[in-house]
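Take a look at the structure below.
The values are calculated or read from the model by the stated rules, or taken from the named source; none is laboratory data. Just so it is clear, the structure is predicted and the values come from calculations on it, not from any experiment. When we count neighbours, we look across all protein chains shown, and the Cβ atoms used for this are built from the backbone with ideal geometry, even at glycine. Note: accessible area is taken over every heavy atom of the protein model, side chains too, but ligands, DNA and RNA are not part of it. Shrake-Rupley method; radii C 1.70, N 1.55, O 1.52, S 1.80 Å.
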Amino acid sequence: MSISAEKLRFEATKTEITVKSVALHRVAVPLVEPFRISSGEVSVKESVLIQVTTANGAIGWGEASPMPGAFYSDDTPESTHLALKEKLLPLVLAEKSVAPAGFYEKLREIPGEPFAKAGLEGALWDAAAKTLRRPLGAMFGRPVADKIASGVAIGIYDTIDELVERVGFYVNQGYRRVKIKVQPGWDLEPVRAVRENFPRVPLMIDANAAYGIESLDLFRELDRFDLLMIEQPLAARAVEETAELQSRLKTPICADEAAESSDALEKLIETRAARIVNIKIQRVGGLSEALLMRRRALEAGLACWVGTMPELGVASAQGLHFAALGGFAYPTDIEASQRWFVEDVVEPLIEIDDEGFIKIPDGAGNAFEIAPEKLERFTVGSEVFRP
């Protein structure tokens, strides 16, 4: 059966909720420092927080978390907010009751809009879990962990000395894996410097699709640095070229932007264009799609792990519950709240311990709750919709 037609079977499949209202909160949270990758730089995290209130009083939260402009994809906070209002909320508000376990099939009727879909579906799942007074992860099976290994993602800096200093800072905090961003002109020497200063640190690089197959010789040079993986070296659609590159390297290639959907994953499997898949709930359109892709990747013998955009605490919490289901070979990109934000919107804050793990709190749903005073402080606009 094609993965695109496959159905998920959840323990809580028959759970339905009656939606009383949906609120969209656009928030803007300053980063502690600018985050630069090959396609741009951001200093403020913009998200749309989705608040679903049910007839029995349960409140579920989701987060639609694209990056601004063309930083990562064509989706932006503005386009995602519009898609929620005009395309997705009508699907929910037209229903007398909603079964989150099958809602992803309705979402598939709308082309594109993965971030909007992830945010809305996440809010519905959170509301359903709170209705049943169960942790979010338990809605999909039996979690195998209550703490998740965390790896740090480090952007591009003006100098190699700055990069090395930041790597040391985060390694000393306990992060269990380091990812550094690369781009043409900022690749071989930064990687060499980090590897020389941290010879035993698990290290990977992320190109965000900044190179072409003509950079084969460069990647052969990078192949010497005992990297965990090279993430998305070529364009998302350059699957055949990526397969050619992978065949010439010993370092595994990890698909990120190229693994945007179940159909895209099938193409990667068919061409052997990657040995590892980064599954981002936001990028693939929600928890249900992420669960399908996880299962298919493991069936095909691909290693996988859980990535982020980065995201605020709402979406990050959902990523933690997803990662707790097991089957992931590498530390997630979900990091401490204070690594990214001047102040996250959730309580408790997401924190790592000295060994680089994030503990998932006990509690129903996401288990990380929205702090009302923080929501008010960072909100730039809110709207409420009712059936």
From 315, 329, grab the single residue that is part of a loop (DSSP other than H, G, I, E, B) and under 17 Å from the mean Cα position of the chain (by Cα). 329
Determine whether region 301-312 contains at least one residue that is at pLDDT 95 or above, out of contact with any strand residue (DSSP E or B) (no Cβ under 8 Å at 6 or more places or on another chain) and buried (at least 24 other Cβ atoms within 10 Å of the Cβ). no
Picking from 52, 44, 98, the residue that is touching a Leu at 6+ places or on another chain (Cβ under 7 Å), among the aliphatic types (A, V, I, L, M), open to solvent by 30 Å² or more (accessible area, probe 1.4 Å) and over 20 Å from residue 257 (Cβ atoms) would be 44
Taking region 182-231 as the search range and keeping residues that are assigned to a helix (DSSP H, G or I) and without any contact (Cβ under 8 Å) to a residue 12 or more places away in the chain, which one is least open to solvent (accessible area, probe 1.4 Å)? 217
From the list 351, 335, pick out the single residue that is without any contact (Cβ under 8 Å) to a residue 40 or more places away in the chain, part of a loop (DSSP other than H, G, I, E, B) and of a type outside the set (A, V, I, L, M, F, W, C). 351
Among the residues of region 135-159, which ones are under 18 Å from residue 35 (Cβ atoms) and either in contact with a helix residue (DSSP H, G or I) (Cβ under 6 Å, 6 or more places away or on another chain) or part of a loop (DSSP other than H, G, I, E, B) (or both)? 151, 152, 154, 155, 156, 157, 158, 159
All-but-one check, residue 343 against (1) in contact (Cβ under 8 Å) with a residue 40 or more places away in the chain; (2) within 15 Å of residue 30 (Cα to Cα); (3) part of a helix (DSSP H, G or I), failing number (3)
Does region 162-182 contain at least one residue that is at pLDDT 95 or above, of a type outside the set (S, T, N, Q) and more than 21 Å from residue 340 (Cβ to Cβ)? no
Residue selected from region 60-91 under the condition buried (at least 18 other Cβ atoms within 10 Å of the Cβ), hydrophobic (A, V, I, L, M, F, W, C) and at pLDDT 95 or above, by the criterion farthest from residue 382 (Cα to Cα): 88
Residue 132: more than 23 Å from residue 280 (Cα to Cα) and either crowded, with 23+ Cβ neighbours inside 10 Å or at pLDDT below 95 (or both), yes or no? yes
Could you list, ordered by first residue, the pairs with Cβ atoms under 8 Å in which the first is in region 276-296 and closer than 17 Å to residue 143 by Cα and open to solvent by less than 10 Å² (accessible area, probe 1.4 Å) and the second is part of a loop (DSSP other than H, G, I, E, B) and β-branched (Val, Ile, Thr), at least 6 apart or interchain? 292/3
Long-range neighbours under 7 Å by Cβ, at least six apart or interchain, first residue more than 13 Å from residue 183 (Cβ to Cβ) within region 155-169, second part of a helix (DSSP H, G or I): 160/189; 160/190; 160/193; 164/193; 164/194; 164/197; 167/194
Working only within region 106-116, note down all residues that are assigned to a helix (DSSP H, G or I) and without any contact (Cβ under 8 Å) to a residue 40 or more places away in the chain. 106
